[in-house]
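Worksheet for the structure shown next.
The values are calculated or read from the model by the stated rules, or taken from the named source; none is laboratory data. From a predicted model like this one, the values you see are computed outputs, not experimental measurements. Here the Cβ positions follow ideal geometry from the backbone for every residue, glycine too, while neighbour counts run over all protein chains shown. Protein only, heavy atoms only, side chains kept; ligands, DNA and RNA dropped before computing areas. Shrake-Rupley method; radii C 1.70, N 1.55, O 1.52, S 1.80 Å.
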Amino acid sequence: MNGAFEKHILCIGAGYVGGPTMAMIAAKCPQYLVTIFDINEQKIRAWQTDNLPIFEPGLLNIVKRVRGKNLFFSTEIKENIRKADIIFVSVNTPTKSFGEGAGKSADLQYWEKTARDILKSSESDKIIVEKSTLPVRTASAMERILNSSDKKIKFEVVSNPEFLAEGTAIADLENPDRVLIGSQETESGRKARNEIVEIYANWVHRDKIITSNIWSSELSKLVANAFLAQRISSINSISALCEKTEADINEVANAVGKDSRICNKFLNASVGFGGSCFKKDILNLVYICESYGLNEVAEYWEHVVKINEYQQRRFVQNINKALFNTIANKRIALFGFAFKANTGDIRESPGIYIAKKLLEEQAHVVVTDPKALGNAKQELKGLSDKLEFEIEPYKAAKNAHAIAVVTEWDTYKTLDYGEIFQQMEKPAFIFDGRNILNHQRLY
Ligand SMILES: NC(=O)c1ccc[n+]([C@@H]2O[C@H](COP(=O)([O-])OP(=O)(O)OC[C@H]3O[C@@H](n4cnc5c(N)ncnc54)[C@H](O)[C@@H]3O)[C@@H](O)[C@H]2O)c1
């Protein structure tokens with residue numbers, strides 16, 4: 001018991017996962033005191049303003065409701081760890097860029113550092129919740145670190161992977177398809193797991209709260225992302241065949257998706273998936289399979305990523321081909337740069353690859369996006385003097401030879417393309433990389 005609150009929850013990592021998930025817990029559980037800690041002081045300062053460090057529909061409303069009441073943001077770690085009963089860890093776990101496993105395995109240095117921080121400052125028993133996406137069996141490493149001192153403190157490690165999707169995070173958190181909580185199948189493990197179940201049961205129906213052993217829980221998150229990405233690569237691979245055979249990918253997807261065993265979700269051909277998770281998590285799965293000698297399984301999943309890269313390459317090649325194999329000095333407007341609609345996040349966005357390739361061909365690239373222009377500027381800074389950023393899509397397209405739709409923002413679906421076309425160089429082209437205009441329009 002901490003003062004007037006039943007429990008003190010600490011979250012380490014105030015990013016796309018830590019911020020929204022803790023805001024939701026604070027809003028749904030006024031009896032808990034929730035503190036979010038991050039090493040990035042600028043980010044913590046931004047969370048305390050109305051200019052949050054991430055854009056997510058509905059997030060600011062929910063943060064404003066609870067901030068300063070039972071939700072706090074902090075850069076102080078020791079005291080917060082000491083006071084916490086439950087610590088969620090949602091630090092980033094990017095792909096390793098060096099040494100053994102480079103390019104595939106997860107870089108767990110941020111993760112391990114939090115385990116050591118927790119151990120150093122703890123004076124009482126705690127439940128440690130793996131919120132980050134982690135390789136299966138990470139919990140055993142975490143437990144070994146946490147139990148490596150003679151402090152006589154009991155740490156119980158629980159896995160509670162996050163399934164929210166950026167752009168719909170608040171709706172996903174409020175009404176999740178499921179919440180997954182895994183623990184060791186020991187008495188203390190099950191007790192800790194039940195404590196986490198009780199947090200979510202404040203607003204999630206108990207039928208949707210799944211419990212499992214800790215390894216199943218860790219692995220399920222990687223597998224869920226691999227399956228989602230696999231559907232995108234499957235339909236994209238067929239789009240290449242459609243282009244050769246005059247079959248229409250939308251008609252094929254529609255016919256295939258009507259089968260209730262297949263269903264129509266995630267069956268929209270596009271320029272490919274982006275985001276910080278799909279590629280990283282599949283490559284991590286590939287690495288884990290390889291490390292167990294499951295080479296056929298590893299190769300199978302690696303192809304999901306390869307098809308995604310192939311699709312992005314093909315998109316740029318198609319632009320080049322349509323523009324008579326010469327795009328030098330041609331103005332090309334990229335409609336969208338975020339990796340998906342309703343977010344400012346550009347991590348692994350196909351827009352990065354497309355912009356860089358077009359600039360290599362010395363095209364004049366104009367990037368427009370309602371929320372991601374700041375991040376786009378940072379990403380592409382200094383690459384070319386033929387690069388422009390323009391918030392207004394009509395202006396971006398003015399005098400352009402082509403538009404490439406990179407992000408499926410609603411606003412791009414309702415533009416007056418007749419008017420835009422009038423202002424473009426002729427022949428004008430629209431390459432619909434998100435399949436939002438029904439079909440690729442070629443004027
Ligand atoms: N973004 C998503 O849509 C999503 C969805 C589900 C799961 N995940 C997983 O959740 C995890 C976090 O992802 P994210 O998108 O929130 O990442 P993020 O980069 O937005 O946030 C991570 C935060 O952790 C902080 N951090 C790193 N090391 C720290 C330390 N030692 N102490 C305190 N703070 C530290 C960073 O400063 C950063 O603010 C990843 O494992 C990711 O795979 C992400």
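Binning the C-alpha pair distances of the range 1-135 at 10 Å intervals from 0 yields a P(r) profile of 12, 42, 32, 11, 2 %, listed from the shortest bin outward. Sequence-distant contacts, meaning Cα pairs under 8 Å at least 6 residues apart, place the relative contact order of the range 327-443 at 28 percent.
With a 1.4 Å probe rolled over the protein heavy atoms of all chains, the accessible area of W409, W203 falls in the order W203, W409, largest first.
Decide, for the range 180-275, between rounded, prolate and oblate: order the square roots of the alpha carbon gyration tensor eigenvalues as a ≥ b ≥ c, take rounded if a/c falls under 1.5, and otherwise choose prolate if a/b is larger than b/c, else oblate. Cα axes put the range 180-275 in the prolate bin.
Only protein atoms count toward the accessible area here, which uses a 1.4 Å probe; on the chain, the carbon and sulfur part of that area reaches 49 percent. For the residue pairs K78/K280; K83/K280; K43/K377; K279/K381, alpha carbon separations beyond 29 Å are given by K78/K280; K83/K280.
Using C-alpha pairs under 8 Å with a sequence gap of at least 6, the mean separation divided by the residue count of the chain gives a relative contact order of 11 percent. Distance from the alpha carbon centroid of the range 177-193 to that of the range 248-292 works out to 29 angstrom. Counting Lys and Arg as +1 and Asp and Glu as -1 over every other residue whose Cβ lies under 11 Å from the Cβ of E218, the net charge comes to +1. Pairwise Cα distances in the chain exceed 33 Å for 40 percent of all pairs. How big is the accessible area of D410 in square angstrom, nearest 10, if you roll a 1.4 angstrom probe over the protein chains? Roughly 100 Å² of D410 is accessible to a 1.4 Å probe. Here's how it looks for F389: its modeled amide H is under 5 Å from those of V367, which are all 5 or more places away or on a different chain. Its residue count N fixes a reference of 2.2 N^0.38 Å for the range 335-442, and the Cα radius of gyration divided by that reference is 0.98. Summed over the residues of the chain and divided among them, the accessible surface reaches 47 Å² per residue at a probe radius of 1.4 Å.
With the gyration tensor restricted to C-alpha atoms of the range 90-181, the semi-axes of the equivalent ellipsoid amount to 25, 20, 10 Å, longest first. How far is it, in nm, from the label point at T49 to the one at H303 when both lie 7 Å from their Cα along the line to the Cβ? According to this spin-label approximation, the distance is 5.0 nm. Using a probe of 1.4 Å on the protein chains alone, the accessible area found for R137 is around 110 Å². Answer rounded, prolate or oblate for the range 41-199, using the Cα gyration tensor with square roots of eigenvalues a ≥ b ≥ c: rounded when a/c is under 1.5, else prolate when a/b is larger than b/c, else oblate. Rounded.
Taking the three principal axes of the alpha carbon atoms in the range 244-348, the coordinate ranges are 50, 34, 31 Å, sorted in descending order.
Neighbours of K151 by Cβ distance under 12 Å: Lys/Arg scored +1, Asp/Glu scored -1, total +1.
Shown are L285, L219, L383, whose ranking by accessible area with a 1.4 Å probe and every protein chain present, most to least, is L383, L219, L285. Applying the Kirkwood pairwise sum to the alpha-carbon positions of the range 315-366 produces a hydrodynamic radius of 11.5 angstrom. Efficiency by 1/(1 + (r/R0)^6): what FRET value for I391 and A201, r their Cβ-Cβ distance, R0 = 51 Å, to the nearest 0.05? The pair I391/A201 has a calculated efficiency of 0.70. In the context of the full protein assembly, Y110 retains an accessible surface of approximately 90 Å², using a probe radius of 1.4 Å and ignoring ligands and nucleic acids.
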